[in-house]
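One structure below.
A short reminder: the numbers here are calculations on the coordinates, not readings from a lab. Worth saying up front: this structure is predicted, and the values here are computed from it rather than measured. For neighbour counting, all protein chains shown are included, and Cβ atoms are generated from backbone atoms with ideal geometry for every residue, glycine included.
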Amino acid sequence: MSSVPMVEAATLTPQQIARRWECRVDVVLKLIRRGDLLAFNISVDANTRPRWKVTSEELARFEAERTVRPRVEPKKLPRRKRRAAAGREYV
């Protein structure tokens, strides 16, 4: 029997995430239900209220994905001057 070391990732509850983000728990639960924030249910019975846990890696991925990046303005090219209309005279 080979022993593979289990690497335990830190997990957070929706309440802890809400405290970290300074928002309501309902917001975090809505993100979990929509599938935007991946979580796993640790409740023992399928008929009981879900007890969600989110890994720190998933939380970092979600926060990085939602981070606002500064918009890069395209270079403005100088406006082209209109050529003077050719002076055609019709008689």
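Couple of notes before you dig in:
- Cross-link partners for K30 among the lysines, with Cα-Cα distance under 27 Å and sequence neighbours closer than 8 places in the same chain left out: K53.
- Size-normalised alpha-carbon gyration radius of the range 11-65, reference 2.2 N^0.38 Å: 1.08
- Estimated distance in nm for a label pair at Q15 and A60, the labels positioned 7 Å out from Cα along Cα-to-Cβ: 2.6
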